[in-house]
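J.: My questions will all concern the structure given below.
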Amino acid sequence: MAYFECIHLGKTYKTPTGNAVIVQDFNLTIEKGEFVCIIGHSGCGKSTVLSMVAGLNDISDGTVVLGEREINGAGPDRGVVFQAPCLLPWMTAFDNVMLGVDQVYYHATREERRQIANYYLAMVGLAGSMHKRPAELSGGMRQRVGLARAFALSPRMLLLDEPFGMLDKLTKFELQQVLLDLWNRERLTAMMVTHDVDEAIYLADRIIMMTNGPAAGIGDILSIKFERPRDRSEIMNTELYYEYRDHLIHFLEERASVRPALAG
């Protein structure tokens, strides 16, 4: 049995004019320690899938299984990083991370919990800024806090919803590397939603391509064969990188509106 499964997953909203089917028959398995990216056009249902996996959005059809347990609602076994990190503004970066650490490691001593928060904040490059409040941090620094908070939970699965979508290119590259460095150490099973083809190729083991809605599903899956750890400049100088890129762009431009009979 796979570590993680979406089985006939679907989301439907009731509207005055009838049912709006957003996602339909979404089937996906992910092995433990695998990093998967989901791409597709805006509004195709990528974030809807991730929010159902996170337990933040009710599932209309099908089920989600993580570690042989059916998911029912949100929980600390899934660390979530959103496009905006949702930090409590009156708390420091350290205190924002400690909120989750206190919940998960309630059996540990106060000092042990502080060491966990300190460790992950240092790992994302915030050792000198952990006692600043969100208003004193840049957008990139706030997102580093979000990454530290998610990894500090030691979750079974990491869920990322376009976490770098609002950042400038240089900061995005820096945060992608921070994410990969942490992931290479922890090897958490990860699902990331992104609209950035290059980001998906750099980060993922597999890229899941979603068809356009309504009733969006999986249109294609691309396996990325670059060895880890990865060097951005090295892989971008290979023919394979541009073969992957052309495949993804062709899907988005030509095939995203056509859903195969047996997707996934």
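A short reminder: the numbers here are calculations on the coordinates, not readings from a lab. This one's a predicted model, so the numbers in the text were calculated from it and none came from an experiment. Positions of Cβ are backbone-derived with ideal geometry, glycine not excepted, and every protein chain shown enters the neighbour counts.
J.: Can you give the local net charge around Arg110? Use residues other than it whose beta-carbon is closer than 15 angstrom to its beta-carbon, Lys and Arg +1, Asp and Glu -1.
T.: On the way: positive: Arg113, Arg114; negative: Asp95, Asp102, Glu111, Glu112.
The answer is -2.
J.: Fewest to most neighbouring Cβ within 10 Å: what's the order for His8, His107?
T.: His107, His8
J.: Using a Gaussian network for the chain with springs between C-alpha atoms less than 10 Å apart, which of these wobbles most: Lys172, Lys11, Lys46?
T.: Result for the chain, Cα springs under 10 Å: Lys172 fluctuates most.
J.: Decide, for region 183-264, between rounded, prolate and oblate: order the square roots of the alpha carbon gyration tensor eigenvalues as a ≥ b ≥ c, take rounded if a/c falls under 1.5, and otherwise choose prolate if a/b is larger than b/c, else oblate.
T.: Oblate.
J.: Still on this structure, I have one more. Could you go through region 141-152 in sequence order and give the Karplus-derived ³J(HN,Hα) for each residue, using 6.51 cos²θ - 1.76 cosθ + 1.60 with θ = phi - 60°, rounded to whole Hz, and x for Gly and Pro?
T.: Karplus values, whole Hz, x for Gly and Pro: 5, 5, 5, 4, 4, x, 5, 4, 5, 5, 5, 5.
J.: Count charges around Glu162 for me, please; just the other residues with Cβ under 9 Å from its Cβ, Lys/Arg as +1, Asp/Glu as -1.
T.: That sum, taken over residues with Cβ under 9 Å, equals -1.
J.: Also, quick follow-up: Return the long-range amide H neighbours of Ala216 (sequence gap of 5 or more, or a different chain), with a cut-off of under 5 Å between placed amide H atoms.
T.: Those qualifying (amide H under 5 Å, at least 5 residues apart or on another chain) are Val23, Gln24.
J.: For Ser42 and Ile7, FRET efficiency with R0 = 22 Å and r from the beta-carbon atoms, rounded to 0.05? Write out the running numbers ahead of the final one.
T.: Values: r = 26 Å, r/R0 = 1.19.
FRET efficiency, Ile7 to Ser42: 0.25.
J.: Taking amide H positions as placed 1.01 Å from N in the peptide plane, with prolines and chain starts having none, which residues 5 or more places from Leu126, or on another chain, fall under 5 Å of its amide H?
T.: Residues meeting the criterion, in which the H sits 1.01 Å from N, do not exist here.
J.: Where Lys and Arg each count +1 and Asp and Glu each count -1, what net charge lies around Phe226 among other residues with Cβ under 15 Å from its Cβ? Could you put the intermediate results ahead of the total?
T.: Values: positive: Arg206, Lys225, Arg228, Arg230, Arg232, Arg245; negative: Glu34, Asp198, Glu199, Asp205, Glu227, Asp231, Glu234, Glu239, Glu243.
Computed value for this residue: -3.
J.: What percent does the relative contact order of region 59-193 come to when contacts are Cα pairs within less than 8 Å and at least six residues apart?
T.: 33
J.: For labels at Leu240 and Thr63 in the simple 7 Å Cα→Cβ model, what's the distance in nm?
T.: Inter-label distance under the simple model: 3.8 nm.
J.: Given R₀ = 45 Å, what would the calculated FRET efficiency be for Thr109 paired with Arg187, taking r from the Cβ atoms and rounding to 0.05?
T.: According to the calculation, E is roughly 0.95.
J.: Pulled fully out, how much extra length does the chain show between Ile249 and Tyr119, if you take 0.36 nm times their separation in residues and subtract their Cα-Cα distance? Intermediate values should be presented prior to the final figure.
T.: On the way: separation 130, 0.36 × 130 = 46.80 nm, distance 3.90 nm.
Contour length minus the Cα-Cα distance gives 42.9 nm.
J.: Now for a different question. Taking only Cα atoms and a 10 Å spring cutoff, compute GNM fluctuations for the chain and point out the largest among Thr29, Thr171, Thr15.
T.: Thr15
J.: Most fluctuating residue of Glu239, Glu162, Glu174 in a GNM of the chain with Cα springs under 10 Å: which is it?
T.: Glu239
J.: Related question: Taking a cut-off of 29 Å between Cα atoms, list the lysines near Lys132, but don't count ones fewer than 8 places away on the same chain.
T.: In chain and number order, the partners are Lys169, Lys172.
J.: Taking θ = phi - 60°, what integer Hz values does the Karplus form 6.51 cos²θ - 1.76 cosθ + 1.60 yield along region 121-136, in sequence order, with x for Gly and Pro?
T.: So the J values, rounded to whole Hz, are 5, 5, 5, 8, x, 10, 4, x, 10, 5, 9, 8, 7, x, 5, 8.
J.: Please list, ordered by chain and number, the residues whose modelled amide H lies under 5 Å from the amide H of Met192; skip anything fewer than 5 residues away on the same chain.
T.: Here the answer is Val36, Cys37, Ile38, Leu160, since their amide H atoms fall under 5 Å of that of Met192.
J.: Answer with a single label: of [x] 11.7; [y] 15.3; [z] 18.5, which was calculated as mean projected area of the Cα convex hull in nm² from the structure in view?
T.: [y]
J.: Return a whole-number percent for the relative contact order of the chain, with Cα pairs under 8 Å and 6 or more residues apart as the contact set.
T.: Working: 509 pairs, mean separation 67.8, N = 264.
Worked out over the chain, it gives 26 percent.
J.: To continue, here is another question. Treating only the Cβ atoms of Lys and Arg (+1) and Asp and Glu (-1) as charged, compute the dipole magnitude of the chain about its Cα centre; round to the nearest 20 debye.
T.: My answer is approximately 680 debye.
J.: Additional query: What value, in deg cm²/dmol to 500, does the helix sum -39500 (n - 2.57) over DSSP H runs of n ≥ 4 give at 222 nm once divided by the residues of the chain?
T.: Dividing the helical sum by the residues of the chain leaves -10500 deg cm²/dmol.
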